[in-house]
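The values are calculated or read from the model by the stated rules, or taken from the named source; none is laboratory data. Note that this is a predicted model, so its numbers are computed, not measured. Quick note on the areas: whole protein, heavy atoms, side chains included, nothing else; ligands and nucleic acids left out. Shrake-Rupley method; radii C 1.70, N 1.55, O 1.52, S 1.80 Å.
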Amino acid sequence: MGKKERILLLLLAAVNFTHILDFMIMMPLGNYLMPYFHISAQQFSFIVASYTLSAGISGFTAAFFVDNYDRKKVLIFAYVGFVLGTLICGIAPTYTTLLCARIFAGIFGGLIGAQVLSIVADTFSYERRGMAMGTLMSAFSLASIVGVPLGLFLATRLSWHAPFLLVGGIGLVLIPLLIKFLPSVSGHLSGQDRPKATEVIGQIMRNRSQLLALSLGGLLMLGHFLIIPFLNPFMEFNVGFHKDQTMWIYTVGGILTFFSSPLVGKLSDKYGKQRVFVMFVLFSLIPVFLITHMPPIPFYYVLIVTGIWFVLSTGRSIPAQAMISNVVEPSQRGSFMSFNSSIQQLFTGMASLIAGAIVIKEPSGKIAHYNWVGYLSIILVCCSIFVARAMYRSQERTIAEAA
């Protein structure tokens, strides 16, 4: 990998880090925000879902025009709005203000993920894309290693406002670096007639591989994020650990996935992305069951189970994203990846709402029906295997027909 490629991946990973961190910070703050604003589990799920639902809608809208512009310009525009929205979250005095600020941040955040993935897919060939996706996924791990525990520490020692101000501050530092060092990504504009808005949707609706790819991304997000919103409250109120202890779940899981993600990317490139995906999906079902049925046990057992879950959940996303990015031509990749990001954001928001509707906070403070959420997650993630296989076969037929 050349120097320019390393700088590109570093910058995109940094953007991914803050983007993911902003979303992840909200998840473990449930046991801070619920008593602070005197809100229910369902109201907390509205805050979580507000970001992802607004991001999904903005990503869907952007899909009609993002391929008409340099991907660098779109990314910087979206990132500036995202940072501003996050800073507003940091000074929000009321539940309503915070809810509105999350919607504002989500409108711009919905453009970021798709542009990052499109830039990587335009820059790296399919044979090396697993490695590049693995590097991007390591930003997720770093957000867990550094960001989430630090955010929880700041929330405990200062206030829940502090984590958002931290993310906004990092974003303010990154913006000038993106402007200076991120290269223009406009190769998709040369010699191409840009499709109209109706044609963009029509092309996707007529393409079985692309429809299956969108379904795959949505299923994975729905299955994964059913577990996340109430993980921290469950560990504190049911399993019996203090806030200072539960932050280690993210630290240990993040450290493990930070090292495992690049390795999974290389394995995907070497042994086949579909094969590696299926293997990680099947193994990931075990920790999901154990987490959502966990009785009061020693904390080091909790760290082992959740650490394995982080590795396997992140591991299945790496080959999945590489496969999804390959079902579309570069000239339409920005639009398609915006649709994909939109679907994933919407399904993430749905996951929070569904979990909030299933989970009940008992008068004693304990979380009830978390095991129901686990069963649903297992069913959905299993379905993703069949969708991935169908997508792979459909794409093979398309390639054979073109040849």
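Things to note:
- Translational D in µm²/s for the range 1-121 (Stokes-Einstein at 37 °C, 0.692 mPa s, Kirkwood Rh from C-alpha pairs): 216
- Pairs of Cα atoms farther than 42 Å apart, the chain, %: 8
- Relative to the longest principal axis of the Cα atoms of the chain, the long axis of helix 243-271 makes an angle of roughly 20 degrees.
- In degrees, nearest ten, helix 148-157 long axis to first principal axis of the chain (Cα): 40
- Alpha carbon Rg of the range 229-275, scaled by the compact-globule rule 2.2 N^0.38 Å: 1.66
- Relative to its residue count, the range 51-91 spans a Cα convex hull of 57 Å³ per residue.
- Taking Cα atoms only, the orientation of helix 370-402 departs from the longest principal axis of the chain by about 10 degrees.
- For the range 291-361, with all protein chains in place and a probe radius of 1.4 Å, 71% of the accessible heavy-atom surface sits on carbon or sulfur.
- Heavy-atom accessible area per residue - the range 264-403, 1.4 Å, Å²: 43
- Both radii were evaluated on the Cα set of the range 280-334; the Rg over Rh quotient, with Rh as the Kirkwood radius, amounts to 1.24.
- Annotation: per residue accessible area for the range 26-98 equals 36 Å², rounded to a whole number [probe 1.4 Å, protein chains only].
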